[in-house]
Every structure is written in structure tokens, then in C-alpha cells.
Amino acid sequence: MLSFLLLCTPIAIWSQSYVSLDGASASSAYSTGAFSADQALNAGAGYWCSSGSHNAGQTVTWTGVLNVRRNVLGVKLNWAYGPGEVKILSSSDGGNFEEAACWRAASRSEVSYEEAIMFDSVQKVKALTIVMKAPMPWGYFGLNDVSVITSGDEPFMVISGASSRSAEQCLTARGSELSVATCLNVVASGDGRDVFKFRNEQIVHVASNMCIAVVEAGTHRVGLVECSSAAEDQDGRSAWQLTANAQLKMPQMGNYCLSLEAGRASARDCNESFDKFFFVCCARVRSERGNCRHGWRFPLVGSCRASAGGVDHSAGLVAFVGHMWVRFHRGQCQPFHEAG
């Protein structure tokens, strides 16, 4: 039996996912210092609160930044103190901002609530600013946490959680065949055999631009096929859905799930398949010293806890990419520190 370790946190894996921001600043903060802008980066870490006593026309801003530019559909706001009006600005370079969502009145009358503000089109976002005005009777603006809603089409790799005496195993594609192989070896190959992404409900192998599907009608064998031809058949053999218990199910073909036995991929009854599938997002890192190509690289080996003897998934995975260490942190990949 194979199980696979989840390091991304998708909500509807073929459509969109929530991603935390990496840094924050605000034009106003409560004087004690305990309610700074970065308190709204993570749920449960506290909350950001403005200084209060704002005039009706005065604007207050909270700005969040990402280490990696992403395709963003909108923003999820968990208000500690909701404003009377809000608008959203976005920036693709972290310096030049434009309006992504215009001024809108508060959607709720409560002090604290959650809302999602969707953009008219996908925005390439490195930073975003939440602009607030028209304070409500409580007099403050405040945020418990903020997440961007991404398009969910970013490349990922699949790491096996099954016990192995050698090394971790990754889902890979060679030709039209699917199998598992040692993660370090496939990453070292640099040919992208282990990189996939969702395109609607299809799972695309990025290097070949082919899709995971039941190879032939009437069989249970799963491999790579031409995405367009599989979609045109309209029989659901290339449609996949991540279930709540981490199985990859074929939602249009009854109760069938992806299964890997003895290195062979097939579709089996979900009640008889025990394979679990989770995804590690790929990190895009550019080496300033020219030691690695501009491209997707992968956080695989080592631990954020330097004293750990093996890979400690609870601590977060770390890999050396060019001259930089990259870690998987708060649902995304990001630079860890300069390696010297």
C-alpha cells in the first residue's frame, strides 16, 4: 500500500486554493505594539489592529507581500474589526499598484466576520494592499488573517509517505507510463518527469503536456494520454477529484480511484484502494549568482530542524536550490536563507 504526504493545502484542487502571505506592513497600528501588521499573516497568531479614532474620510492600509508571484483570483479577509468601506490594490512587482477591486460597502454588520473579495480577472500578484475607510461604531480597523485565493494551477509534485529504507518516493511519468521513483533521483534528472498541474479536472504532466487518464475504454490501466482527445471522449476517464480522505477519485466514472500497486497505475474501486495522494508545490527561485536556471525547483530533503536525523515533515521540508535553501512553509514554497 502506498500513501502520499500532503504539503499543499488546496480547497478545490482543480480550481483554487488559499495561500498565506509572507510579510506585511500597515499605515496604522495600535500603540502597544502587540497588534502589528504581521499578526494577520497566520490564523490564530493574534490580529492586526489600527490605532483607532479615524476620520470618516481617512484611509488606512494593510499591505501583504508574497515571496513568489502568483496568479490570484481574489482575497479572503477575516475581519477582527470590519470597516465601513474597503477596496483592494494589487502589484505584480511589489512596487506599482493598481486597483483590483473597487470601493465597496461592508457586506456584514457584525464587528468580526469573514468575506472573500473576488477580482474581475486573474491578477499576477507579488503584493496587495487592503484600503479601508469609514470606520464603524467600534472605531478600529482590524484583521485576524488574510489569504490570497490562487488559481490552483501551479505545478506540484507527489511524494509518497510509504515507508522506504532508501529514500522518499515520488510519482513520475516516463513515456506514457506512471510509476514511483526515488525523489532525489528524479529531481536530479531535471527533466520534469515528476511535475504535474491541474487544468480544470485534468491532471497534466507538465513536461509532456499529456494527461493522467484511463488509457483505453473498458480497461482499468492508467497512464498518460493526449489531453484533448481524452476530453473530447466526454467519458470522464481523465477527470480527477481530490477527496476529503486524500484519494484521487474519478468523479464521472462511479466509485473509481487512482491506485498504484507494484509500480503500476490503475483505477480501482475506492473502497479497495488505500493509496493517498498529496501534493508539494514547486518553488520558483532565481539564482542571483547564475548557479541555477530560472525555473521550478523542489523542496525535498532535509529538515527545518537541523538536528533531525531524517526528514521531519512536521518541521517543513527544505532543499538546496542553486545558492539558496528553499522551504515549504505556511502552505507554500519560499526562500529559507542564504547558504553562504
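Listed here are the residues, each with its yes/no results for (1) over 24 Å from Asn42 (Cα atoms); (2) at pLDDT below 95; (3) buried (at least 23 other Cβ atoms within 10 Å of the Cβ).
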residue	(1), (2), (3)
Lys124	no, yes, no
Thr129	no, no, no
Ala134	yes, no, no
Gly142	no, no, yes
Ser151	no, yes, no
Met157	yes, yes, yes
Ala167	yes, yes, no
Cys170	yes, yes, yes
Ala181	yes, yes, no
Original post:
In the range 7-34, what count of residues is obtained for those that are among the aliphatic types (A, V, I, L, M) and modelled with pLDDT under 50?
Top reply: 4
**OP:** Scan the range 167-187 for residues that are closer than 17 Å to Ile203 by Cβ and of a type in the set (S, T, N, Q) and report the count.
**Re:** 3
**OP:** Could you identify the single residue in Ala80, Ala100 that is surrounded by 15 or more Cβ atoms within 10 Å (Cβ to Cβ) and either among the basic types (Lys, Arg) or farther than 19 Å from Ala29 by Cα (or both)?
**Re:** Ala100
Original post:
Are there any strands (runs of 3 or more DSSP E) wholly within the range 205-315 with 1 or more residues that are among the hydrophobic types (A, V, I, L, M, F, W, C), modelled with pLDDT of 80 or more and in contact with an Asp or Glu (Cβ under 7 Å, 6 or more places away or on another chain), and if so which?
Top reply: 210-214, 256-261
**OP:** Provide a single number: the residues in the range 176-204 that are within 19 Å of the chain's Cα centre (by Cα), charged (D, E, K, R) and part of a loop (DSSP other than H, G, I, E, B).
**Re:** 2
Subject >> Any hit, the range 124-132, residues being of a type in the set (S, T, N, Q), assigned to a strand (DSSP E or B) and touching a Gly at 6+ places or on another chain (Cβ under 9 Å) >> reply: yes
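The values are calculated or read from the model by the stated rules, or taken from the named source; none is laboratory data. Because the structure is a prediction, the values reported are computed rather than measured. Cβ coordinates were reconstructed from backbone atoms using ideal geometry, including for glycine residues, and neighbour counts include every protein chain displayed.
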